[in-house]
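Working notes for the structure below.
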Amino acid sequence: MKSRPVARHGFTSAAALVLTWSIATGQDTSAHRTPDVHYVPTPQYVVEAMLRLTAVRPGDLVYDLGSGDGRIPIAAAKRFGARGVGIDIDPVRVKEARANAEAQGVADRVRFLQQDLFRTDFSDATVVTLYLLPSLNVKLRPLLFRKLKPGTRIASHAFDMGDWSPDAKLEIEGSNAFFWTIPADVRGDWNWRLTTREGTERHTITFQQHFQKATGSWAGENATVSVPAVRIVGDSVVFRISRPSEEFRIAARVSGNRMDGTIERDGAPPEPFSARRAQRPSGSIEDEETP
C-alpha cells in the first residue's frame, strides 16, 4: 500500500531518522536495512487526485519517492498509460510492490527499487510524487531543483515544501494535495537587440528569482524601468516592459542561456525575439529572497 511514516500520532519515524543520519554521515544504508516504521495507507482517491493534479498521461515517467506498496506507480501505469518507478528503502515494501504490479498486469511498465531516495537518480522523471514528512520535503527540495528539468510536475500528499509556494492546492475529503512545476532558472542579465526605424537598440533585462516568482529591471539606451511581474511556468516565461514610448510583451522559452520566442509592440504582429544570458548568479533559485 502507498503509505507514509506516522508522525502526528506521536511515533518517531525510523526511516526519517536513518535518512537524516545517512545524509549527515554520507553513508548509504539502504541496501542492508529493514527499518521498523509505522505506516498508514494513502487512500486510493488521494492517489487518483494526485495523478490528475499532475496531469499524468501516456509518455510520462512517474517517480514515487517513498512508494510503499507501489499504488501510485501502478495507478499511473494502469489508469493513465504512463510508466512508473517506485523508490523505497524498505525491502519488504519493495517486494510487496513488485507483487502488486504483477497482479495488476503492469509489471512491464513499472519498476520498484530499494534505494535511499536522497541518493536516487530521478533526473529522467516527468512527474514526481511524495508522501513524506515535512522536514524531509524541505531536505529533498534542493535535489528536486538540481536534478529535474523545468516543466517537471510534482505532487505531495498532506505536506507542502516550506516557503516554496505551491502552484495549486487541492482538498480531497479532508486530505490535501499540493502541486508544483519546476521553473526555469531566469536569474541574471539577458541581452537582446531590437530593430526600430531609427536602427538597432541594445537592451538588457536583469531578473531576480525565488522559485517560480521573479521580478526584473530593463535598461535601454535612454531609460531604465522595473519589470514587476514575470510569469514562469516550466521553461516558459512571459513578461511586459512598459517604457516611456511604448510597451513590449515578450513570451519565450528558456533553454540554458538562451531565451527565444516572440515580442509584441503596442498591438503590432508578433516578431521574433531572442536573448542571451551574459551572467548568471551562483547558487540556486531558492537561495534568493522572494522578489
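The values are calculated or read from the model by the stated rules, or taken from the named source; none is laboratory data. Not measured: the values here are computed from a predicted model. All Cβ positions, glycine included, derive from the backbone under ideal geometry; neighbour counts span all protein chains shown. The accessibility values were calculated without ligands, DNA or RNA, using every heavy atom of the protein model including side chains. Shrake-Rupley method; radii C 1.70, N 1.55, O 1.52, S 1.80 Å.
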May I ask you to list the residues in the range 196-209 that are open to solvent by 40 Å² or more (accessible area, probe 1.4 Å), assigned to a strand (DSSP E or B) and farther than 24 Å from V230 by Cβ? T200
Can you find a residue that is acidic (D, E) and more than 20 Å from R249 (Cα to Cα) anywhere in the range 215-227? no
Can you pull out every residue in the range 165-195 that is of a type in the set (G, A, S) and either part of a strand (DSSP E or B) or open to solvent by 30 Å² or more (accessible area, probe 1.4 Å) (or both)? S165, A168, G174, S175, A177, G188
Within the range 266-285, the residues that are at pLDDT below 95, touching a strand residue (DSSP E or B) at 6+ places or on another chain (Cβ under 7 Å) and open to solvent by less than 40 Å² (accessible area, probe 1.4 Å) are I285
Only one of S242, S226, S255 is open to solvent by 30 Å² or more (accessible area, probe 1.4 Å) and within 20 Å of the chain's Cα centre (by Cα); which? S255
Could you tell me whether I232 is within 26 Å of E286 (Cβ to Cβ), β-branched (V, I, T), touching a residue at least 60 places away in the same chain (Cβ under 8 Å) and in a strand (DSSP E or B)? no
